[in-house]
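Only one structure is covered here, and it is reproduced in the block below.
The values are calculated or read from the model by the stated rules, or taken from the named source; none is laboratory data. Model, not experiment: these values are computed from the prediction. Note that we place each Cβ from the backbone using ideal geometry, even for glycine, and neighbour counts take in every protein chain shown.
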Amino acid sequence: METTLQKYLPERAVTPCFELIKTHGVHLKIVSHRVTRHGDYRRMPNGLHQITVNASLNKYRFLITLVHEIAHLVAFETYGRRIKPHGMEWKRTFQHLMIPFIRPEVFPSQLLPIIAHHFKNPKASSSTDARLSVALKTFDIEDRKHSYVYELPLGSVFRLYNGKLYKKGKKKVKRYECVEIATGRLYLFQPNAEVELVE
């Protein structure tokens, strides 16, 4: 397992992550890319803890996702199953588990202040924090073939991963109002949503 983790994690994070996996009895599955999630935690019917993480993530997002999912396990074991999945108990647990990793030996210096800010009040997904999401994407290996919603001109048409077409509208507080072309329905998009510009 430690050898496998070396392919997916920053070098100085491998041993501490391996210890977390062992300590909490995690069955880790590294899976193909899923558009809708980076990872998930499940308690199996036999009582085992299974965590899946997308193999396609860069090593910094992989680390944050792995610790995010372990935090679910630890929070449920500590506070019981009735807590909210991303409530205060999970946030405190996630912060506590991440503290040893928020160091220059693990993350590049340009990411550290963004990560430190994120972990003052961690979100349900690193993708929900637009600033962190964009910063993490700069470390993705593949060439970026998509645009972010915030980069597109007002009124432009874009395609989502599911093939649906939308027209970009004005920004409302933090998100952009976009109209689905086929139905005329209004949707709110995060500024860092990855889309394909059509026109």
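Yes/no per residue for (1) at pLDDT 95 or above; (2) surrounded by 14 or more Cβ atoms within 10 Å (Cβ to Cβ):
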{"site": "Gly39", "(1), (2)": "no, yes"}
{"site": "Asn46", "(1), (2)": "no, no"}
{"site": "Val53", "(1), (2)": "yes, yes"}
{"site": "Glu89", "(1), (2)": "yes, yes"}
{"site": "Pro104", "(1), (2)": "yes, no"}
{"site": "Phe107", "(1), (2)": "yes, yes"}
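Can you pull out every residue in the range 145-179 that is of a type in the set (Ser, Thr, Tyr) and loosely packed, with under 13 Cβ neighbours inside 10 Å? Break it down stepwise before answering.
The initial filter retains those residues of the range 145-179 that are of a type in the set (Ser, Thr, Tyr), namely 147-148, 150, 156, 161, 166, 176.
Selection gives Tyr161 alone.
Filter the range 65-102 for residues that are among the basic types (Lys, Arg) and in contact (Cβ under 8 Å) with a residue 24 or more places away in the chain and give the result.
So in the range 65-102, the residues among the basic types (Lys, Arg) come out as 81-82, 84, 91-92.
Result: Lys91, single match.
Mind listing just one residue for me: the one in the range 109-119 that is surrounded by 15 or more Cβ atoms within 10 Å (Cβ to Cβ) and either out of contact with any Lys or Arg (no Cβ under 9 Å at 6 or more places or on another chain) or touching a residue at least 24 places away in the same chain (Cβ under 8 Å) (or both) and, of those, nearest to Thr78 (Cα to Cα)? Give the steps one after another, and end with the answer.
First, the residues of the range 109-119 that are surrounded by 15 or more Cβ atoms within 10 Å (Cβ to Cβ): 111, 114-115, 118-119.
If we keep only those that are either out of contact with any Lys or Arg (no Cβ under 9 Å at 6 or more places or on another chain) or touching a residue at least 24 places away in the same chain (Cβ under 8 Å) (or both) too, we end up with 111, 115, 119.
Working: Leu111: 30, Ile115: 25, Phe119: 20 Å.
By that ranking, first place goes to Phe119.
I'd like the full set of residues that are among the aliphatic types (A, V, I, L, M) and surrounded by 16 or more Cβ atoms within 10 Å (Cβ to Cβ), limited to the range 180-199. Break it down into steps so the answer makes sense when it comes.
From the range 180-199, those among the aliphatic types (A, V, I, L, M) are 181-182, 186, 188, 193, 195, 197-198; that's our starting set.
Residues satisfying the conditions are Ala193, Val195.
Evaluate the range 42-60: report whether one residue or more is assigned to a helix (DSSP H, G or I), touching a helix residue (DSSP H, G or I) at 6+ places or on another chain (Cβ under 8 Å) and in the same structural domain as Ser133 (by TED's automatic domain parsing). Let's see the steps before the verdict.
Initially, the range 42-60 is screened for residues assigned to a helix (DSSP H, G or I), giving 59-60.
Imposing the further condition that a residue be touching a helix residue (DSSP H, G or I) at 6+ places or on another chain (Cβ under 8 Å) reduces the set to 59-60.
Applying the additional criterion that residues be in the same structural domain as Ser133 (by TED's automatic domain parsing) yields 59-60.
Yes, the range 42-60 contains a residue that is assigned to a helix (DSSP H, G or I), touching a helix residue (DSSP H, G or I) at 6+ places or on another chain (Cβ under 8 Å) and in the same structural domain as Ser133 (by TED's automatic domain parsing).
Just to be sure before I move on: is Glu105 acidic (Asp, Glu), farther than 21 Å from Gly39 by Cα and in the same structural domain as Cys17 (by TED's automatic domain parsing) in the structure I sent?
Values: acidic (Asp, Glu): yes; farther than 21 Å from Gly39 by Cα: yes; in the same structural domain as Cys17 (by TED's automatic domain parsing): yes.
Here the answer is yes, as Glu105 does meet what is asked.
Is it the case that Arg103 is more than 16 Å from Gln190 (Cα to Cα), assigned to a helix (DSSP H, G or I) and in contact with a Leu (Cβ under 9 Å, 6 or more places away or on another chain)?
Numbers: more than 16 Å from Gln190 (Cα to Cα): yes; assigned to a helix (DSSP H, G or I): no; in contact with a Leu (Cβ under 9 Å, 6 or more places away or on another chain): yes.
So Arg103 does not fit the description; no.
Pick from Leu136, Leu132: which is touching a Ser or Thr at 6+ places or on another chain (Cβ under 9 Å), under 13 Å from Gln190 (Cα atoms), assigned to a helix (DSSP H, G or I) and not polar (S, T, N, Q)? Lay out the reasoning, then the answer.
Working: Leu136 fails: under 13 Å from Gln190 (Cα atoms).
Exactly one of Leu136, Leu132 is touching a Ser or Thr at 6+ places or on another chain (Cβ under 9 Å), under 13 Å from Gln190 (Cα atoms), assigned to a helix (DSSP H, G or I) and not polar (S, T, N, Q), namely Leu132.
Conditions (1) in contact with an Asp or Glu (Cβ under 9 Å, 6 or more places away or on another chain); (2) modelled with pLDDT of 90 or more, marked per residue:
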{"site": "Asp129", "(1), (2)": "no, no"}
{"site": "Ile141", "(1), (2)": "no, no"}
{"site": "Tyr166", "(1), (2)": "yes, yes"}
{"site": "Gly184", "(1), (2)": "no, yes"}
{"site": "Phe189", "(1), (2)": "yes, yes"}
{"site": "Glu199", "(1), (2)": "no, no"}
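For the range 18-25, indicate whether the set of residues that are among the small types (Gly, Ala, Ser) and over 21 Å from Phe119 (Cβ atoms) is non-empty. Walk me through it before giving the result.
First pass over the range 18-25, keeping only residues among the small types (Gly, Ala, Ser): 25.
Those left that are additionally over 21 Å from Phe119 (Cβ atoms): 25.
Among the residues of the range 18-25, at least one is among the small types (Gly, Ala, Ser) and over 21 Å from Phe119 (Cβ atoms), which makes the answer yes.
Can we say Glu151 is farther than 25 Å from Pro10 by Cβ, outside the structural domain of Glu69 (by TED's automatic domain parsing) and out of contact with any Pro (no Cβ under 6 Å at 6 or more places or on another chain)?
On the way: farther than 25 Å from Pro10 by Cβ: yes; outside the structural domain of Glu69 (by TED's automatic domain parsing): yes; out of contact with any Pro (no Cβ under 6 Å at 6 or more places or on another chain): yes.
Judged against the criteria, Glu151 is a match.
Can you tell me how many residues within the range 1-37 are free of Cβ contacts under 8 Å to residues at least 40 places away in the same chain, among the aliphatic types (A, V, I, L, M) and either farther than 30 Å from Tyr161 by Cα or surrounded by fewer than 18 Cβ atoms within 10 Å (Cβ to Cβ) (or both)?
Counting residues in the range 1-37 that are free of Cβ contacts under 8 Å to residues at least 40 places away in the same chain, among the aliphatic types (A, V, I, L, M) and either farther than 30 Å from Tyr161 by Cα or surrounded by fewer than 18 Cβ atoms within 10 Å (Cβ to Cβ) (or both) gives 3.
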